[in-house]
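Participant: One structure, pasted below without further comment.
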Amino acid sequence: MRLFLANYLMNAKSPMPINQVHRFGLGDSIVHMYQRVAGKEIDAKNSTLTLTLRDKVMRGIVANNADVNFVKTHNFCGPAFGVELIEPKYTRLGIYIMRNPLDMVLSYAKHFGLSNEEAVHAICTSTNANAADEKTVWQFLGSWSDHVKTWTEAKGFPVCVLRYEDMLEKPEETFSEALAALGIPAEKERLQRAIEFSSFKELQKQEKQKQFVERSPHSENFFNKGSSGHWKEELAPELVKRIRQSNKQMMKRYGYYSV
């Protein structure tokens, strides 16, 4: 989605380099941003400290006088230890992309260097969080259902809810929804070109030529498969059962339970 928006807004005649995507959006968990507002180096592993700095980080992002700031987040849309992670006063709009948890958990395991069993336990646990490292502060996820529920039922700002599977199956319609939510007209040729330039095939090609800076140290590549339905061959039946039992309501609501 970030690369689609970058390609669409640039209206370039060749694909935007994947390692330039940071020019079109910030992450909300980057350590150096927290150090900047603190005015010194901080211990990023101290979640209490980074949470107290979060409001200043968000204020800093929206205070740059830009018409629009794109901010990438992995956090759920709720409070962590009493601190609201996504404040409506700093948020004009959310674009929320969900994915079938049966497929998502395999990517999650690969990205974080976990076994499938460990990854399934994580996405079925309300206290699930990504620990801080040298580049990012703590990120609070909750279970897959917690994450989906808090974003799809967010209060204080509109949320454009998209399914990853629809991005694959009907890209023009789905990406047009995102543009419409942003108030950007969808021009057919420009839309088709941006979709092509941000396709999984194109991103894999670029990553083979030059590594993606956001690649996890736990995996050989960031853009792995990008397909849907591979859980049927790769996820053990008992793990499928656990995910369905733990996330039944939300999976049913968004058409994932009987897939």
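Participant: With respect to VAL83, is the statement that it is touching an Asp or Glu at 6+ places or on another chain (Cβ under 6 Å) and either free of Cβ contacts under 8 Å to residues at least 12 places away in the same chain or under 26 Å from HIS22 (Cβ atoms) (or both) true?
Facilitator: So VAL83 fails the test.
Participant: Anything in the stretch 53-69 that is in a helix (DSSP H, G or I) and open to solvent by less than 60 Å² (accessible area, probe 1.4 Å)? List them, or say none.
Facilitator: LEU53, ARG54, ASP55, VAL57, MET58, GLY60, ILE61 - these are the residues of the stretch 53-69 that are in a helix (DSSP H, G or I) and open to solvent by less than 60 Å² (accessible area, probe 1.4 Å).
Participant: Select, from SER126, SER107, SER115, the only residue that is without any contact (Cβ under 8 Å) to a residue 24 or more places away in the chain and either under 13 Å from TRP144 (Cα atoms) or surrounded by 16 or more Cβ atoms within 10 Å (Cβ to Cβ) (or both).
Facilitator: Answer to the selection: SER126.
Participant: In the stretch 75-122, how many residues are part of a strand (DSSP E or B) and of a type outside the set (Gly, Ala, Ser)?
Facilitator: Residues meeting the conditions: 7.
The values are calculated or read from the model by the stated rules, or taken from the named source; none is laboratory data. Treat the numbers as computed from the prediction; the structure is a model and nothing was measured. Glycine gets a Cβ as well: all are built from the backbone with ideal geometry, and neighbour counts include every protein chain shown. The area values use the complete protein model at the heavy-atom level, side chains included, leaving out ligands, DNA and RNA. Shrake-Rupley method; radii C 1.70, N 1.55, O 1.52, S 1.80 Å.
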